[in-house]
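Just below is one structure, and these are the notes that go with it.
The values are calculated or read from the model by the stated rules, or taken from the named source; none is laboratory data. Here the structure is a predicted model, which is why all the values come from computation and not from measurement. Every residue, glycine among them, receives a Cβ derived from its backbone with ideal geometry; neighbour counts consider all protein chains shown.
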Amino acid sequence: MIAIAGMIMVHFGPNPVPDTTLGEIYEVSHGRASILFVLLAGIGISFLDRSFSRFGPLAGSVQLLIRAAILLPIGLWLQTLDHGVLVILQFYAMYFAFSALIVRLPTSAILALAIGFLALGPFLHEFAEQRWPQWFVGNAPELGDPVGTIVRDLIVSGYYPLITWGAPLCVGIWLGRQNLGSMNVRLVLLLAGAVLVVGSSALAGIANNQLGNTTAIALSNEPHSQTHLWLAGSIGSSILVLALALIVSDFAGRIVWPLAAAGQLALTIYVGHLLLLHEFTDLLRYDLVPDAILSVTLFMAFAVIAATLWRSVFSHGPLEALFRLPSWMMKRG
């Protein structure tokens, strides 16, 4: 639910955000909500693989590949619409396909992959951008583009490329194997997330104030800069939000069920808000932060109410049910 709200703020609000106090507060979700989504997807991947392990060691991987095959054309088609958003669903298809290859690895290997992506990904991304700058210009690939262009975008040159976003994905898979029900684990995550957020922000500030221009850019924590500090800080904020949400939900109980219902319909809400932006951009998107806040608040209130009513009748959202179909067929078989 928090990730959804952050995403809506980015898509409904002014871009760039005005350099004001309210604008800086509003901008907190920029470049972080999407990382939170990917980290949560990694956790879900661990849960999915565990739930299908009784059907065989490759059952989880098969499910991930099926979901990737469904998501890819949907994401590429959505990119053809006039909503002004860089769609992430086709990148999720790549994340799922990659996860199908690694999900059966030992937990220590998953953690090593996460560290490897975080350590090497930004360097490789920067090298590719310097070596092949033409890859990083032009429109985002969409349905009908050459396969090679689409694959290159999903792995290297896109807005959410696997080469760097593999870090939050693998962190999520690793977290999904931890005992998230343990208060001790949650407190450790809370501390680790806070250290990453504060540390990355402090290092970026030092770089900006005291180091040369080139070094400052390399150590930037600007949203979607694909740098080490931005990745570390965004992963840290995601872990922090996850730990806080788990702790609060235990104490709040059924009070937060409507928010959980909206979270369970995240895919439907995501696709729905893109369709609405395509048809009613002027009604939803605003250049002033106060107007954007009102638009986001009204949309989220509607989404929470609609999700709560839907979940009171159905076990899964409309699009979520589509992705459950292969699972249902396998279990029936």
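If I filter the range 60-78 for residues that are surrounded by 15 or more Cβ atoms within 10 Å (Cβ to Cβ), touching a His at 6+ places or on another chain (Cβ under 8 Å), within 28 Å of P223 (Cα to Cα) and at pLDDT 95 or above, do I get at least one hit? No, there is no match, as no residue in the range 60-78 is surrounded by 15 or more Cβ atoms within 10 Å (Cβ to Cβ), touching a His at 6+ places or on another chain (Cβ under 8 Å), within 28 Å of P223 (Cα to Cα) and at pLDDT 95 or above. Scanning the range 245-264 turns up one or more residues that are under 25 Å from Q79 (Cα atoms), small (G, A, S) and touching a residue at least 12 places away in the same chain (Cβ under 8 Å).
L180 is checked against (1) in a helix (DSSP H, G or I); (2) under 21 Å from the mean Cα position of the chain (by Cα); (3) not polar (S, T, N, Q) and fails just one. What number does that condition carry? Exception for L180: condition (1). Restricting the range 150-167 to residues that are small (G, A, S) and touching a Gly at 6+ places or on another chain (Cβ under 8 Å) leaves a set whose member that is farthest from A114 (Cα to Cα) is G166.
Considering each of G42, G31 in turn, give the residue that is within 12 Å of the chain's Cα centre (by Cα) and either free of Cβ contacts under 8 Å to residues at least 12 places away in the same chain or not in a helix (DSSP H, G or I) (or both).
Of G42, G31, the one residue that is within 12 Å of the chain's Cα centre (by Cα) and either free of Cβ contacts under 8 Å to residues at least 12 places away in the same chain or not in a helix (DSSP H, G or I) (or both) is G31.
A search for C-beta distances below 6 Å between a residue of the range 139-150 that is free of Cβ contacts under 8 Å to residues at least 12 places away in the same chain and any residue that is surrounded by 15 or more Cβ atoms within 10 Å (Cβ to Cβ) and not aliphatic (A, V, I, L, M), counting only pairs 6+ apart in sequence or on different chains, returns T149/P141. Within the range 151-162, being crowded, with 21+ Cβ neighbours inside 10 Å and not charged (D, E, K, R) holds for L154, S157, G158, Y160, P161. Among the residues making up the range 86-129, those that are part of a loop (DSSP other than H, G, I, E, B) and under 23 Å from V147 (Cβ atoms) are L86, V87, I88.
Confirm whether V195 is assigned to a helix (DSSP H, G or I), under 23 Å from the mean Cα position of the chain (by Cα), free of Cβ contacts under 8 Å to residues at least 40 places away in the same chain and within 21 Å of G31 (Cα to Cα). The answer is no for V195. Looking across the range 1-59, just one residue is among the charged types (D, E, K, R), crowded, with 21+ Cβ neighbours inside 10 Å and more than 19 Å from C170 (Cα to Cα), and that is E27. Every test in (1) more than 17 Å from H224 (Cβ to Cβ); (2) exposed (fewer than 14 other Cβ atoms within 10 Å of the Cβ) is passed by V137 save one, and that test is (1).
Condition check for D82 on (1) at pLDDT 90 or above; (2) within 18 Å of T268 (Cα to Cα): one failure, at (2). Of all the residues in the range 11-28, those that are in contact (Cβ under 8 Å) with a residue 60 or more places away in the chain and in a loop (DSSP other than H, G, I, E, B) number 5.
Among the residues of the range 307-319, is any assigned to a helix (DSSP H, G or I), closer than 21 Å to S29 by Cα, of a type outside the set (D, E, K, R) and modelled with pLDDT of 90 or more? There is no residue in the range 307-319 that is assigned to a helix (DSSP H, G or I), closer than 21 Å to S29 by Cα, of a type outside the set (D, E, K, R) and modelled with pLDDT of 90 or more.
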